[in-house]
Amino acid sequence: MKKRELLEIYREFLPDRVNKLESGIEKIPDELGTSGVWKILEEPLNKWEKNRKSLRTLPVVNVYNNVLDEKLSNSVVESLLCLDAWIGSMDDEIDTKNISKRDKIFNICNTAFSGGIGILNLPEGEKEGLRNLFFEYLTELFQIPNVEKKTLLAIKEAKSDVREVKFVRSFYSYRSIDIDLFAKIPGIVNDIDDKVFGTVVKDLEVFRARELILKDIVDVERDLKDEDFTALMVLMDKYDDFDKVIGEVEDVLNYFSYSDFSRGKYRKVLKKLEENKDYERDLEKGFNLVKKKGFEL
């Protein structure tokens with residue numbers, strides 16, 4: 001399934017539906033008009049289209065559609081897309097420095113709609129089984145800022161290459177858990193084999209880690225501005241030798257590798273979805289920006 005198809009599914013399911021509801025609100029005088037909430041709910045679409053936010057649903061849907069006998073149901077896809085908007089809006093609220101009132105309203109509105117609707121839209125018979133999954137996911141997800149902060153300091157203070165690379169791997173391994181809820185819901189709803197389920201979840205975590213690394217390479221300028229520092233930026237700040245930095249980045253990327261099971265099933269589609277395959281040029285650009293501007297953890 002292509003990205004544009006998923007964006008249209010989301011548009012029809014949430015913003016368009018709210019637009020129709022708004023136009024039928026009788027308690028608002030005609031001369032005042034409605035508040036245009038549906039336009040606010042299109043904000044995730046704008047960010048997905050411009051690759052400003054990750055669309056976790058995209059790799060998940062394509063992997064499961066290559067593993068299952070039948071394609072994922074519309075209700076599951078719609079839920080995943082809503083949850084994507086939910087997580088993205090919370091992420092923006094936490095990470096954006098000096099957030100404007102307008103952006104705060106947009107984030108809160110999208111969080112309220114997409115989170116609640118996404119959960120309610122899941123198959124009725126599976127909600128009980130998914131409850132603990134949501135508890136675990138949110139508990140782990142909200143550890144990320146603290147884990148990131150401590151890991152960045154550990155990378156900065158590491159006295160050996162081995163420990164340094166280990167902490168960089170840890171940084172992206174933990175960040176990659178933000179795809180776990182998306183990776184697990186379709187498997188649970190479709191009751192797939194436990195071994196296949198575990199492998200698929202792990203491969204989607206690998207994809208997410210690789211995607212985050214490649215995304216962080218591109219986003220250095222914006223991350224410097226927002227003071228949203230990453231493991232790669234710490235390496236860039238720590239070393240004057242670009243070859244040293246790119247060598248460690250390649251070590252980390254090679255660490256995150258797909259299973260043998262993925263070969264011939266969905267590995268090709270995941271590799272195609274990885275952003276910025278020719279990353280060396282952007283890495284050097286980011287390196288030069290960091291050396292020029294610098295930052296303090």
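The values are calculated or read from the model by the stated rules, or taken from the named source; none is laboratory data. Only a predicted model underlies this, so the values are computations on that prediction, with no experimental measurement involved. With ideal geometry, Cβ positions are generated from the backbone for all residues, glycine too; neighbour counts draw on all protein chains shown.
Things to note:
- Positions within segment 248-297 being exposed (fewer than 13 other Cβ atoms within 10 Å of the Cβ), of a type in the set (Gly, Ala, Ser) and in contact with a helix residue (DSSP H, G or I) (Cβ under 9 Å, 6 or more places away or on another chain), in sequence order: SER257, GLY294
- Subset of segment 247-291 [aromatic (Phe, Trp, Tyr), outside any loop (DSSP other than H, G, I, E, B) and in contact with a Phe, Trp or Tyr (Cβ under 8 Å, 6 or more places away or on another chain)]: PHE287
- Going through (1) acidic (Asp, Glu); (2) under 20 Å from the mean Cα position of the chain (by Cα); (3) surrounded by fewer than 18 Cβ atoms within 10 Å (Cβ to Cβ) one by one, ASP193 falls short only on (2).
- Candidate set: segment 228-246, residues that are under 19 Å from the mean Cα position of the chain (by Cα) and part of a loop (DSSP other than H, G, I, E, B); chosen: the one surrounded by the most Cβ atoms within 10 Å (Cβ to Cβ): THR230
- Residue check: ASP219 meets all listed conditions (1) surrounded by 14 or more Cβ atoms within 10 Å (Cβ to Cβ); (2) over 30 Å from ILE99 (Cβ atoms) but one, namely (2).
- Filtering segment 73-121 to residues that are over 20 Å from the mean Cα position of the chain (by Cα) and in contact (Cβ under 8 Å) with a residue 12 or more places away in the chain leaves SER73, ASN74, SER75, ILE105, ASN121.
- Residues in segment 76-95 include none that are hydroxyl-bearing (Ser, Thr, Tyr), touching a Leu at 6+ places or on another chain (Cβ under 9 Å) and not assigned by TED's automatic domain parsing to the domain that holds ILE40.
- Residue within segment 179-192 that is part of a helix (DSSP H, G or I), farther than 25 Å from MET90 by Cβ, in contact with an Asp or Glu (Cβ under 7 Å, 6 or more places away or on another chain) and at pLDDT 95 or above present: no
- Considering segment 200-219, and only residues there that are part of a helix (DSSP H, G or I) and of a type in the set (Asp, Glu), the residue that is farthest from LYS268 (Cα to Cα) turns out to be ASP216.
- When segment 118-147 is filtered for residues that are modelled with pLDDT under 90 and of a type in the set (Val, Ile, Thr), only ILE119 remains.
- Check on LYS159, assigned by TED's automatic domain parsing to the domain that holds TRP48 and not in a helix (DSSP H, G or I): no
Rundown of residues vs (1) surrounded by fewer than 16 Cβ atoms within 10 Å (Cβ to Cβ); (2) farther than 27 Å from SER262 by Cβ; (3) not aromatic (Phe, Trp, Tyr), yes/no style:
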{"residue": "VAL61", "(1), (2), (3)": "no, no, yes"}
{"residue": "MET90", "(1), (2), (3)": "no, yes, yes"}
{"residue": "THR96", "(1), (2), (3)": "yes, yes, yes"}
{"residue": "ILE105", "(1), (2), (3)": "yes, yes, yes"}
